[in-house]
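**Q** Have a look at this one before I ask anything.
Derivation of every value follows stated rules applied to the coordinates shown; laboratory data play no part. In this text the structure is predicted, and so the values were computed from the model without any measurement. Here the Cβ is made from the backbone with ideal geometry for all residues, glycine too, and neighbour counts use every protein chain on show.
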Amino acid sequence: MPTSNAFLRLYESDVRFGRIFASFHQRLNEHFEAINDRAETTNHYWAEPSRDMIALIKELDEVLNSLNHANFEVQFFEGYRTATVNCKQWLKRGGGSPVPEDFEQIEIIKYEPIFRLSNSSTKLRKRDTGIQLQLIGEGSYAKVFSYIDPDYGTKFAIKRAKKGLNERDLHRFQQEFTILKRLSFPYVVEVYQYDETRNEYRMEFCETTLRDHIKRRNDSLRFASRKRIALQFLYGINYIHSQQLLHRDISLQNVLVKKFDGGAVLVKLSDFGLAKERDSDYTRTKTEMRGTIRDPLLSSFKDYGTCNEIYSIGHVLSYIFSGREALMSGMDAASRIVRKCTAHDVADRYQNVLEVINDVEKLEATPTDAPA
């Protein structure tokens, strides 16, 4: 049954029953709003909606009873529970239903759940003051802040659209969240919640960018570590390609690094503002060529394809293995991979990321590589 995202979002943390709770919530709201209106005008609820409401209440009772028998205790908002009981007393199957003269308007709940599983809910700490944000990054469309969540004691990030964005750029910002929300992979940054009033969304915190991580450790970073970083980066790109997406803005700034104790790191792809469906022909005719690393063979963003993404991948791999932004030009195996990614003829390039992964996995450290 089609259900609005406005209600699905209220129950997105419940992967088992969230959709059915959202459906019930939406349908109850539609009836309650209509009944409130009729109570103030004609005091008569139409025949067909009356039958629908009777069927809805019966369906709701059956589902809640079934869940209860399966040992899932559902907390149903008391105001709505009372309203359904009262409505059941005066609703009629034929000829419409007279709304009682002593009918009291039903309080409509739109922005919080009316169903909760009692064994899966908890009370979060109440905050009386705002959370202090620290600016950690800024781009063309947005600013990124970090903060410590008082409930979890964990650092998160907030990406907030800049004020004054035109409709097109704001849509791109919102679309970035939508894309990231449906992706789930260790090497893609996680996002959690979009705030439409502020045009911002919460995301996992990553300490640095790939550029800064390697720059600060270039003299001591071993080849084996570089190879692991390169493969994580490639695994992430291969995943988004498997989801029929092209990133279209791969750069050293748009690859983040999450650090852990003991020196372990996770590479995280971010900044999906220019991403598009891989097989889609749709690109706005006025979309300018953007992205930090641009394939010189690409004349129009509309023609962007996998081989153009491979070109950007080559530049990132070159930096990972050399620590320099100039493309590698040696005769070693890593340089040959970079040259194939960035070949002047797209027919000579890798045709997909799996081919690149296969060659990078074969790379072996040499005595001269070890201290790199």
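**Q** Students often get this wrong: which residues of the stretch 187-203 have the backbone nitrogen under 17 Å from the point 7 angstrom along Cα-to-C-beta of Asp169?
**A** 199-201
**Q** Now for a separate question. How would you rank Cys87, Cys307, going from fewest to most other Cβ atoms within 10 Å of each one's own Cβ?
**A** Cys307, Cys87
**Q** Sticking with the crude label model, points 7 Å out along Cα→Cβ, report the distance from Arg222 to Ala47 in nm, one decimal please.
**A** If labels sit at Arg222 and Ala47, their model points lie 8.2 nm apart.
**Q** Using a Förster distance of 35 angstrom, determine the FRET efficiency expected from the C-beta separation of Ala34 and Glu12, and round it to 0.05.
**A** Once the sixth-power term is evaluated, E becomes 0.85.
**Q** So, one more: Would you please give the residues with an amide H less than 5 Å from that of Leu117, counting only those at least 5 places away or on a separate chain, with H modeled from the backbone geometry?
**A** Hits under the 5 Å cutoff: Gln75.
**Q** Still on this structure: For a label point 7 angstrom out from the Cα of Ser118 toward its Cβ, which stretches of the stretch 1-37 have the backbone nitrogen within less than 14 Å?
**A** none
**Q** Any idea how far the Cα center of the stretch 165-224 sits from the one of the stretch 306-363, in Å?
**A** For the stretch 165-224 versus the stretch 306-363, the Cα centre distance is 24 Å.
**Q** Which of Val15, Val360 comes first, and how do the rest follow, when ranked by fewest Cβ neighbours within 10 Å?
**A** By the 10 Å Cβ count, ascending, the order reads Val15, Val360.
**Q** Hydropathy first: keep DSSP H helices in the chain averaging at least -0.5 on Kyte-Doolittle, then drop any whose Cα extent along the axis falls short of 15 Å, and list what survives.
**A** Passing helices, by number: 47-69, 223-242, 306-322.
**Q** Ok, one more. Report the full-extension gain for the segment Glu364 to Met1: residue separation times 0.36 nm, less the Cα-Cα distance, to one decimal in nm.
**A** Stretched fully, the Glu364-Met1 segment lengthens by 125.3 nm.
**Q** What value, in deg cm²/dmol to 500, does the helix sum -39500 (n - 2.57) over DSSP H runs of n ≥ 4 give at 222 nm once divided by the residues of the chain?
**A** Using -39500 (n - 2.57) per qualifying helix, the result is -12500 deg cm²/dmol.
**Q** While we're looking at this one, here's another question. Based on the Cβ-Cβ distance from Lys215 to Asn352, what FRET efficiency comes out when R0 is 25 Å, to the nearest 0.05?
**A** About 0.25, to the nearest 0.05.
**Q** Amide H of Val188: which non-local residues (sequence gap of 5 or more, or other chain) have their own amide H closer than 5 Å, using H built in the peptide plane?
**A** When sequence neighbours closer than 5 places are left aside, the close amide H contacts are Leu269.
**Q** Suppose a student asked you for the relative contact order of the chain, using Cα pairs under 8 Å spaced at least 6 residues apart; what percent would you report?
**A** 11 percent
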